[in-house]
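The values are calculated or read from the model by the stated rules, or taken from the named source; none is laboratory data. Worth saying up front: this structure is predicted, and the values here are computed from it rather than measured. FYI the Cβ positions are ideal-geometry reconstructions off the backbone, even for glycines, and counts take in every protein chain you see. Just so you know, the surface numbers come from the protein's heavy atoms only, side chains and all, with ligands and any DNA or RNA stripped out. Shrake-Rupley method; radii C 1.70, N 1.55, O 1.52, S 1.80 Å.
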Amino acid sequence: MNFAPHQAGIYGTATDLVRAERKQGLDVDVVDYGNGRDAPQRHSRVGCKDGDITTVAPEHALESDVIVRHSALPQTVFDSDIPLVMPFHGMPEYTFLLEHTGNTRTLKELMVSTANPRYKAFLTMWRETVFYWEAMFSGKKIFYVPPPVDLDKFNPLGKTYTFKEPGKINIVIAGVWRKEYTTPYSVLFNAAKFVRDKCPEARVHVFGVPYDNKKYTDKIKNDGPVNHTLLALRKGKMVGECRHIVTNLDEIYRAADIAVTQHTVASRTVREALASGCPLVAASGNKYTPYTADPRDPEAFASAIENCYKDIMRDRETVRQVARQKAEQEFNLDRVGKAMKRVFEYAMENK
């Protein structure tokens, strides 16, 4: 994997998997892929620390029974004859769109990997996507592994964030803006509609705000669609704080009254918000929260936020306990580690 704390969701998920695997008594090391863009510059960084994660030299991988490829592998590791396991980290539609829009040939890379006999097993952390991958890569062994969350870091107790422009009710949107079926754009306006129509004292706070394209801001500062959109909602007293990358989402979720997402699957936003005891309003089909609606229906989604708000006003403590209990039930590292162990056993039996 690429060593990138607080910079990529794939890194957070990969390190949570490592912790889950270690809880099962497995000896798991982490090898950094490299920090250079071009192959001649690329080298694995050794000794990088992130809590209980420390990167080791690629040579350690050559003594392994199984190698898990998250983002990429150093060439010396790839050239070995050790069985490979590969998680499908992206959603199928996002994988398709990345290539269709000319960004990167992600789908082609998956096709090459699934055709390579070195890869003994593949896995997805979203049960809803299993059929997509089975249909695309017929005959390949694809496992479902529950998605992990660090329940010790993301928990209801501990330091809480102080919003710069707090409301009576603080609604948080924290997610990556991608070219997917729906993005935070829709739920941002849906949450703003709830503020305007139902609770003018509330505020929506947006974390993970994308940067505007430089072609809009080279000559005139802040002359891009992101800035204009958020400025309009701030002037309307619906949106409060807006920030780009943050490293303290656990503190933010503890301080928030409600989190909002466009996701139907157990994305990191879903897992981390619930683990922090923050009730969640999500897209229809999300199985992890009772508050759901179609993100493309502003009226319905704003009503779902209102339902959550009313429950909080009636019994805040119970609502937050239910959120935490759902995360403990679905995303605990023991459950995840056992599933990963089965994947490794299959890969070793079929090498």
Debye, to nearest 20: dipole size of region 251-351, +1 on Lys, Arg Cβ, -1 on Asp, Glu Cβ: 400 debye
Taking the square root of 5λ for each eigenvalue of the C-alpha gyration tensor of region 252-351, the equivalent ellipsoid has semi-axes, largest first and in whole angstrom, of 31, 16, 9
Using a 1.4 angstrom probe and counting only protein chains, how large is the accessible area of Arg268 in Å², to 10? 50 Å²
Dipole check, the chain, charges on Cβ (K,R +1; D,E -1), about Cα centroid: among Asn2, Gly51, Val260 the Cα furthest to the positive pole belongs to Val260
Dipole of region 121-189 (Lys/Arg Cβ +1, Asp/Glu Cβ -1, origin at the Cα centre): which of Pro148, Leu123, Gly175 lies farthest to the positive side? Gly175
Report, by chain and number, residues whose modeled amide H sits under 5 Å from the one on Ile169, excluding near sequence neighbours (fewer than 5 apart, same chain). Ala202, Arg203
Vicinal HN-Hα couplings computed from phi for region 281-291 (Karplus, 6.51 cos²θ - 1.76 cosθ + 1.60; Hz; Gly/Pro x): 10, 9, 6, 3, x, 6, 8, 9, 8, x, 9
Can you give me the % of accessible surface on region 72-208 that is carbon or sulfur? Probe 1.4 Å, all protein chains present, nothing else counted. 55 percent
Could you work out the mean projected area of the convex hull around the alpha carbons of region 1-137, in square nanometres to one decimal? 8.9 nm²
Put +1 on the Cβ of every Lys and Arg and -1 on every Asp and Glu Cβ in the chain; which of Ala327, Ala300, Ala282 then has its Cα farthest towards the positive end of the dipole? Ala300
At each listed q (0.14 Å⁻¹), what is the log10 of I(q)/I(0) that the Debye formula gives for the chain modelled as equal alpha-carbon point scatterers? -1.21
What does the helix-only formula give at 222 nm for the chain: each DSSP H stretch with n ≥ 4 adding -39500 (n - 2.57), the total divided by the residues, and the result rounded to the nearest 500 deg cm²/dmol? -12000 deg cm²/dmol
Taking R0 as 51 Å, what FRET efficiency do you get between Arg22 and Asn213 from their Cβ-Cβ distance, rounded to the nearest 0.05? 0.75
Taking every DSSP bridge whose two residues both lie in the chain, the antiparallel percent to the nearest 5 is 5 percent
How about Lys351: which lysines have a C-alpha closer than 27 Å to its C-alpha, ignoring those fewer than 8 places off in the same chain? Lys23, Lys108, Lys120, Lys140, Lys141, Lys338, Lys341
When you have a sec, figure out the Kirkwood radius of region 153-269 from all distinct Cα pair distances and drop it here in Å to one decimal? 14.9 Å
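With only Lys, Arg, Asp and Glu charged, each at its Cβ (+1 for the first two, -1 for the last two), find how big the charge dipole of the chain is about the Cα centre; round to the nearest 20 debye.
In debye, rounded to 20, the chain gives about 840.
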With θ set to phi - 60°, apply the Karplus curve 6.51 cos²θ - 1.76 cosθ + 1.60 along region 221-234 and write out the HN-Hα couplings as whole Hz, x wherever there is a Gly or Pro. 4, 6, 9, x, x, 5, 5, 5, 5, 5, 5, 4, 6, 6
Accessible area per residue, 1.4 Å probe, Å², for the chain: what's the number? 50 Å²
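Assuming 0.36 nm per residue, please report the length gained on full extension of the stretch Lys153 to Asp223 beyond their Cα-Cα distance. Provide the component values of the computation, followed by the final result.
Working: separation 70, 0.36 × 70 = 25.20 nm, distance 3.79 nm.
Result: 21.4 nm gained on full extension.
May I ask you to give the percent of accessible area on region 256-351 that is carbon plus sulfur, with a probe radius of 1.4 Å?
On the way: 1820 of 3980 Å².
Carbon and sulfur: 46 percent of the exposed surface of region 256-351.
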